[in-house]
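> Have a look at this one before I ask anything.
Computed from the coordinates by the stated procedures, all read-outs in this text should not be read as laboratory data. Remember, predicted model here, so these are calculated numbers, not experimental data. Backbone-built Cβ (ideal geometry, glycine too); neighbour counts: all protein chains shown.
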Amino acid sequence: MAGGAGSRARDGPGCPGAAASDGPGGWDRMLQTEYCRRRRVELTIESHPSQIASVRRTLEAFAQTCLMDEDACDEIGLCVNEALANVIRHAYHGEAGKPIVVVVECLGHGMQITIRDWGNGHTPRMPEAPRDPMHVGGVGMYCLDQLMDEVRFDAQPDGMLLTMMRRCDRPGRKRKAE
């Protein structure tokens, strides 16, 4: 997560979910305030594994401003991580320097994330049954299927558009088990 060790979003001045850690003008406050003001963030990155962690952290922090619980923020981050890794590996066949656009919006009922690539346009298959842990691959698609409320792949004339939705009222899996 963005910010200091152990910091989590909570109500703060100007925005439900704004972080109050790190003192006035701290990273958390600046990050959360910017997200609250915009309610939409667009990131353009290049297809390289080193880009994934910063996008994941940004979207996890943004999820806090959409009033997602801590576990849901982590699950959203995992899904974004896996989706970006799949774009790099499968759509771009590991070729670095290709564009990927990630847009996240905080909607009244949840969060929508879109990931646009200009790769091969192949629509991946969602898992039909629980994944066999002895079989290599397929973990990313399984995570998307289990942790997001809606996952849609829309082939574009020049690539793919992935849309993922997560409702605010759906607790993270750890909290659901409690």
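> What full-extension length gain, to one decimal in nm, is calculated for residue 169 and residue 156 as 0.36 nm per residue of separation minus the Cα-Cα distance?
On the way: separation 13, 0.36 × 13 = 4.68 nm, distance 3.13 nm.
This chain segment gains 1.5 nm when fully extended.
> A further question on this structure: Can you give me the P(r) profile for region 79-131? Cα pairs, bins 10 angstrom wide beginning at 0, each as a whole percent.
Final binned percentages: 20, 46, 28, 6.
> How are the C-alpha pair distances of region 41-177 spread across 10 Å bins, as whole percents from the shortest bin up?
P(r) for region 41-177, in whole percents per bin: 12, 44, 35, 8, 0.
> Please sort 68-75, 114-121, 40-47 by packing, taking for each peptide the average over its residues of neighbouring beta carbons within 10 angstrom, highest first. Don't skip to the end; give the middle numbers.
Values: 68-75: 21.5, 114-121: 19.0, 40-47: 15.0.
Per-residue mean Cβ counts within 10 Å order the peptides as 68-75, 114-121, 40-47.
> Gain in length, residue 132 to residue 95, computed as 0.36 nm per residue apart minus the alpha-carbon separation, to one decimal in nm?
Full-extension gain reported as 10.4 nm.
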